[in-house]
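What follows is one structure encoded as structure tokens, with my remarks underneath.
The values are calculated or read from the model by the stated rules, or taken from the named source; none is laboratory data. What you see is a predicted model; the values in this text were computed from it and never measured. All Cβ positions, glycine included, derive from the backbone under ideal geometry; neighbour counts span all protein chains shown.
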Amino acid sequence: MTLRRGALPMAAVHRVVHGRRAPRFGLAMTLVVALAAAGNAATNLLLPAALYVPAALLIALLAVLIAVRIGGCDARDLGLADEHLGRGLRHGAAAMAVVAGLLVVGAALPATRELFADRRVDEHSVAALLYATLVRIPFGTALLEETLFRGVLLGLGLRRWSPRVAVAWSSALFGLWHVLPAGGLSGYNPVLADALHGPTGRPVVTAAAVAATALAGGCFCWLRLRAGSLLAPVMLHVATNSFAYAVAWGLLRGR
């Protein structure tokens, strides 16, 4: 069918019908990646620890707004649909149980117990334990990272690419996200500090951390897609970080 002179193009018709502009995938993806890079630098290098959680929540909110307003995503794209919350809760609870079991075994075995000796853990303060495990990690680290990588970046990617490409993209960026925090790992853990000496130690630790977190990102993506809900990887992320912190706290306090 041909359009008569003066008729609206089909894209313009869709914009009028839906009351907003058509999705702009490239712009949305660029803005989210730029936001993630700026947020990563700010939270790791600039902001005081007291502002970490508010900053993380703000970054997560801005990413969602970009995905919805510019990228055209809806709640289902982002893993936030109400109808999938129950399945997300079940998958997340199962994942948390598996992580808890692995951490208990790791802490009990002499060969792996020293891996939990993290100097960032304050074994003298119960308040620090509660804040880290119940506030900072769930509402800062886990919520921000899962919203960015398994919510927005994966959701945007799935609107344009195959699941395999979208998962690879999200996971690669998740690995790169950990370049800054990975830089000091050898200084926090005595096992890593003893194993890696010389000028190549820090680059090796950083590269290994980036690769490991990229692989973990793929697992988080798999759980997010299987559950259909962002709640599942958020719960797994909380378990991985909060439970590990609590185990390290307990081991250091018991010495």
Name the residues in segment 169-191 that are buried (at least 19 other Cβ atoms within 10 Å of the Cβ), modelled with pLDDT under 60 and not small (Gly, Ala, Ser), would you? LEU185, ASN189
From the list ALA117, ALA111, ALA100, ALA128, pick out the single residue that is touching an Asp or Glu at 6+ places or on another chain (Cβ under 6 Å), among the small types (Gly, Ala, Ser) and over 20 Å from ALA60 (Cα atoms). ALA128
Tabulated pairs, segment 46-57, first closer than 12 Å to PHE139 by Cα, second surrounded by 15 or more Cβ atoms within 10 Å (Cβ to Cβ) and among the aromatic types (Phe, Trp, Tyr), C-beta under 8 angstrom, 6+ apart or interchain: VAL53/PHE139; ALA56/PHE139; LEU57/PHE139
Count - residues of segment 136-164 that are over 25 Å from ALA248 (Cβ atoms), among the polar types (S, T, N, Q) and surrounded by fewer than 24 Cβ atoms within 10 Å (Cβ to Cβ): 1
Tell me, please, whether a residue that is touching a residue at least 60 places away in the same chain (Cβ under 8 Å), of a type in the set (Gly, Ala, Ser) and part of a helix (DSSP H, G or I) can be found in segment 61-78. yes
Answer yes or no as to whether GLU123 is acidic (Asp, Glu) and either on the phi > 0 side of the Ramachandran plot or assigned to a helix (DSSP H, G or I) (or both). no
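Each row is one residue, and each column tells you yes or no for (1) at pLDDT 95 or above; (2) under 30 Å from ALA38 (Cβ atoms); (3) surrounded by fewer than 14 Cβ atoms within 10 Å (Cβ to Cβ).
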| site | (1), (2), (3) |
| --- | --- |
| ILE70 | yes, yes, no |
| ALA94 | yes, no, no |
| LEU134 | yes, yes, yes |
| VAL167 | yes, yes, no |
Quick check on my filter: what residues within segment 222-239 are within 12 Å of the chain's Cα centre (by Cα) and either at pLDDT below 95 or not aliphatic (A, V, I, L, M) (or both)? ARG224, PRO233, HIS237
